[in-house]
Amino acid sequence: MNYKELASTLLKNVGGKENIEKVIHCATRLRFTLKEEGKARADVIKETKGVSGVVKGNGQFQIIIGPDVASVYDELMKLGIRSGEDLETKKKGKTFDGLLDFIASCFTPVVAVITAGGMLQVLLSILSMAGILSDTSNTYLVLYQVSQAAFYFMPIYLGYSIANKFKIDPFLGMLLGGVLVLPGMTSLLSQENGVTLFGLTVQNVTYSASVVPILLGVWFMSYIYKFADKFVPNFLKFILRPLITIAISAPVVLLLLGPLGTYIGNYIADFLSFLMNGYAPLAVMFMGAFAQLLVMTGMHYCLMPILMATFTSFGYDNLIVPGMLVGIASEAGVCLAVALKSKDSEWKQLGFSTAITSCMGISEPALYGVTLKLKKPLIAIIVSGACGGLYAGLTGVKAYALVASFAALPTFMVTMPNFVNACISVATTLVIAFCMTWFLVKREDLSPKNTKNNEKVNQETTVSIGKEAVIHASTDGNVVALSDVNDPAFASGALGKGIAVESANGRIVSPANATVTTIFPTKHAIGLTTDEGVEILIHVGINTVNLNGEGFEVLIRENQKVKQGDYLLNFDEKYIREKGYDPIVIVVVTNTDSYLDVIPTIQKQVTSTDGLLTVIV
């Protein structure tokens, strides 16, 4: 491959230097952030020799190159394009996509807290209505306070998450959040004659469960922290950096940014109130129709600040949660139809299991495992969600818990009409989605792509005409077909044949006797060449290049000789998931075209001593 020629061709067809804000690369892709994506000629780029595909998403124009991506990237740099690594922090917040990504990544780590608090409220409501636990008993009152802690201390949780995103000490972010919700501070601000700071009146504002004030506060704090880090001598940083940061940030937040953030939150709530008073049916219909598309893009997390502002002001939500509720009902209806219509046992199992998880408020398995695979059910999702949302909007359904789940339906029982209308919205959506899927999806769409017997026959037939090289599993865990991986570049086989494993231990070992040819700077991917010449790419996670190496520990160096079973890499699966990424381990043979075939294992689970891929030479 002529890297220089390819780089020049790509530069021309993405709109030239003047159309590029930044470019970075991961293990397989060039990731362009373009000023005007419309100038990029995706059709021409796809046909360019050396390009495996083009993907648009997450505000990026991604060109799939494969294992030679670093060489093409180097040639782009020689053409005078400035590296995106230096621009990442500065540019990210200046685009709409960057803002959405920032909000989503800040809220993703606290979703578990919100879910825990909301589901505990759901459980208490169910126990109370069933007569098992009185809502005046000590047990109920204590557990209710536990559930409230998930929301009351939201500024503290977000303080950590936002500070982490700005790459400053996250505990200082927590401290700033603690300042806002400290009971003593609340009492001080609410005293009869008020309180002053440096002669200026501090406004009496309640910050519990608020979102915008801490967002603004930590944003300001990040500048103070980095200023102190730059100018304070190293031997004094341990003492003076945190002191300067909080001593300046806390007064500014209490006097200016905190009240400003509260006003912004109130304006958001007022706008939603105006919207729901005048256009409620259309607003909820729109939310219901496209709720699952928001989940698909990850933008549903961006709604969290709006949702928190609404709950803080009114104590309920009549837009986002009802819309998301009918959204998961639509997924449940689709999956149930697939399960009942298919004669294939795997589709039945997948349909029933994803229907259940959707009912519980987790729709991603259904979305990626069923809806997007079959494609036709997307129509059913949108139409049924719109119908259910329209009914919820017309009847004024209100959610009193921050959870969209069938299990949360009892929390709608503040009034019986509200509960009944919520149930009708869900039932309407589910039935319409079920019926549309039943008629749109044919039985032949639900036939298995490959059977175990066919795999065995193919393996036996192929082995007889050539030698084989066994690539062992690089980690222990459950096996996932490459076509089921949530990344079109890998799933399509454009980067080579292979397989994926859901790791059970967060350890990567060498799958064969090999030489380490590539360790990507972001540590999430390793290239190996076996003694037989098989080129292997081990890629940990989907889009984990964005973590910049955080959560990964490389144990080897480039050009090092390794034996099968030698440790290569450790990764923190929990941390990767908390950051919103899928930590699945993908193994592909990048020079697949050099061999007769690459056959994946038919085992459902593997250990590092098991064969994962058989390469037919």
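Some points to look at:
- Separation of alpha-carbon centers, region 184-208 and region 353-409, rounded to whole Å: 44 Å
- Taking region 239-352 and dividing mean pair separation by its residue count, relative contact order in percent (alpha carbons under 8 Å, at least six apart): 24 percent
- Sites F198 and D68 - FRET efficiency at Förster radius 60 Å, r taken between beta-carbons, to 0.05: 0.50
- Between region 114-182 and region 243-296, the Cα center-to-center distance that results, in Å: 19 Å
- Crossing angle, helix 69-78 versus the chain [Cα axis fit, 0-90 degrees, rounded to tens]: 80 degrees
- Trypsin sites (Lys or Arg not before Pro) within region 351-453: DSSP coil, no more than 10 neighbouring Cβ in 10 Å: K449
- Packing-based ranking, highest mean first, of 494-506, 197-209, 597-609 given that Cβ atoms within 10 Å are counted: 494-506, 597-609, 197-209
- Global geometry of region 105-268, whether rounded, prolate or oblate, following the gyration tensor of its Cα atoms and the 1.5 cut on a/c: prolate
- For the chain, relative contact order (Cα pairs under 8 Å, six or more residues apart, normalised by length) works out to 10 percent.
- Set K373/K497; K17/K49; K12/K78; K237/K579; K78/K167 screened for pairs whose C-alpha atoms are more than 26 Å apart: K237/K579; K78/K167
- Across region 320-453, the mean sequence separation of Cα contacts (distance under 8 Å, 6 or more residues apart), normalised by length, yields a relative contact order of 38 percent.
- Extension gain, L372 back to L182 (0.36 nm per residue minus Cα-Cα distance, nm): 63.7 nm
- Rounded to the nearest 20 debye, the dipole magnitude of the chain is 720 debye, with +1 charges on Lys and Arg beta carbons, -1 on Asp and Glu beta carbons, and the Cα centre as origin.
- Using the alpha carbons alone, the radius of gyration of the chain stands to its Kirkwood radius in an Rg to Rh ratio of 1.00.
- Gyration tensor (alpha-carbon) shape descriptor, region 138-235, a/c threshold 1.5: oblate
- Full extension of the chain segment joining D531 with D572 gains 11.8 nm, where the gain is 0.36 nm per residue of separation less the Cα-Cα distance.
- Counting every other Cβ atom within 10 Å of each residue's Cβ, C335, C423 order from fewest to most as C423, C335.
- Calculated FRET value between K561 and A481, using beta carbons and R₀ = 35 Å, to 0.05: 0.65
- Ascending count of other beta-carbon atoms within 10 Å, so fewest first, for Y160, Y225, Y567, Y316: Y567, Y316, Y160, Y225
- Note on S208 and I424: with the Förster distance fixed at 30 Å, the Cβ-Cβ geometry gives a FRET efficiency of about 0.30.
- Nitroxide proxy distance, nm - points 7 Å out along Cα→Cβ at I379 and K4: 5.3 nm
- Between region 468-533 and region 544-612, the alpha-carbon center distance in angstrom: 4 Å
- Exposure proxy order (Cβ contacts within 10 Å, fewest to most) of E553, E36: E36, E553
Where a number appears in this text, it was derived from the coordinates with a stated rule and is not lab data. Only a predicted model underlies this, so the values are computations on that prediction, with no experimental measurement involved. Glycine also receives a Cβ, built like all others from the backbone with ideal geometry; neighbour counts cover every protein chain displayed.
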